[in-house]
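Student: This structure is in structure tokens; I'll ask about it shortly.
The values are calculated or read from the model by the stated rules, or taken from the named source; none is laboratory data. Remember, predicted model here, so these are calculated numbers, not experimental data. Ideal geometry is used to build each Cβ from the backbone, glycine not excepted, and the neighbour counts take in all protein chains shown. These area figures cover heavy atoms from the full protein model, side chains too; ligands, DNA and RNA do not enter into them. Shrake-Rupley method; radii C 1.70, N 1.55, O 1.52, S 1.80 Å.
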Amino acid sequence: MCVGVPMRIISIDGTDAVAEIDGVKRDASLMLMADELRVGDYVIVHAGFAISKLDEDEARETLEMMREVFKPEDMR
């Protein structure tokens with residue numbers, strides 16, 4: 001199953017970013033994003049692309065729901 005996951009941007013280099021959640025880091029392209037993004041912003045990462053910006057409350061709420069449904073190994 002392929003799921004978009006809320007992640008916090010920890011670095012940006014042009015249209016490339018590194019995003020992290022629960023100690024797991026992933027490269028994410030920002031090419032699809034119209035919003036200006038900054039380090040610390042939360043985005044949904046799907047298949048290596050940031051596809052949507054979230055505020056921190058939305059990200060935390062979504063992660064809580066995902067943790068109820070998925071096993072920890074499914075989230076990595």
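Student: Could you check Ser52 against (1) in a helix (DSSP H, G or I); (2) of a type outside the set (A, V, I, L, M, F, W, C); (3) at pLDDT 95 or above and say which number it fails?
Tutor: Just one mismatch for Ser52, condition (1).
Student: Specify the residue that is nearest to Asp41 (Cα to Cα); the eligible residues are those in segment 1-13 that are at pLDDT 95 or above and of a type in the set (Val, Ile, Thr).
Tutor: Within segment 1-13, the match that is nearest to Asp41 (Cα to Cα) is Ile9.
Student: Would you mind stating whether Glu61 is open to solvent by 100 Å² or more (accessible area, probe 1.4 Å) and either on the phi < 0 side of the Ramachandran plot or part of a helix (DSSP H, G or I) (or both)?
Tutor: Considered against the rule, which asks whether it is open to solvent by 100 Å² or more (accessible area, probe 1.4 Å) and either on the phi < 0 side of the Ramachandran plot or part of a helix (DSSP H, G or I) (or both), Glu61 comes out as yes.
Student: Taking only pairs six or more apart or across chains, which ones have beta-carbon atoms under 7 Å, a first residue in segment 1-27 that is under 15 Å from Arg67 (Cβ atoms), and a second residue that is in a loop (DSSP other than H, G, I, E, B)?
Tutor: Close Cβ pairs (under 7 Å, with a partner that is in a loop (DSSP other than H, G, I, E, B)) amount to Val24/Arg76.
Student: Confirm whether Asp16 is touching a Ser or Thr at 6+ places or on another chain (Cβ under 7 Å) and at pLDDT 90 or above.
Tutor: So Asp16 passes the test.
Student: Looking at segment 64-75, which of the residues that are closer than 16 Å to Gly23 by Cβ and exposed (fewer than 12 other Cβ atoms within 10 Å of the Cβ) is modelled with the lowest pLDDT?
Tutor: Asp74
Student: Find the residue count for segment 45-62, including only residues that are within 23 Å of Asp16 (Cα to Cα) and β-branched (Val, Ile, Thr).
Tutor: 2
Student: Residue check: is Asp35 surrounded by fewer than 16 Cβ atoms within 10 Å (Cβ to Cβ), at pLDDT below 95 and in a loop (DSSP other than H, G, I, E, B)?
Tutor: Yes; evaluated as a whole, the condition is true for this residue.
Student: Right, next: Any residue at all in segment 41-50 that's open to solvent by 100 Å² or more (accessible area, probe 1.4 Å) and under 16 Å from Val3 (Cα atoms)?
Tutor: no
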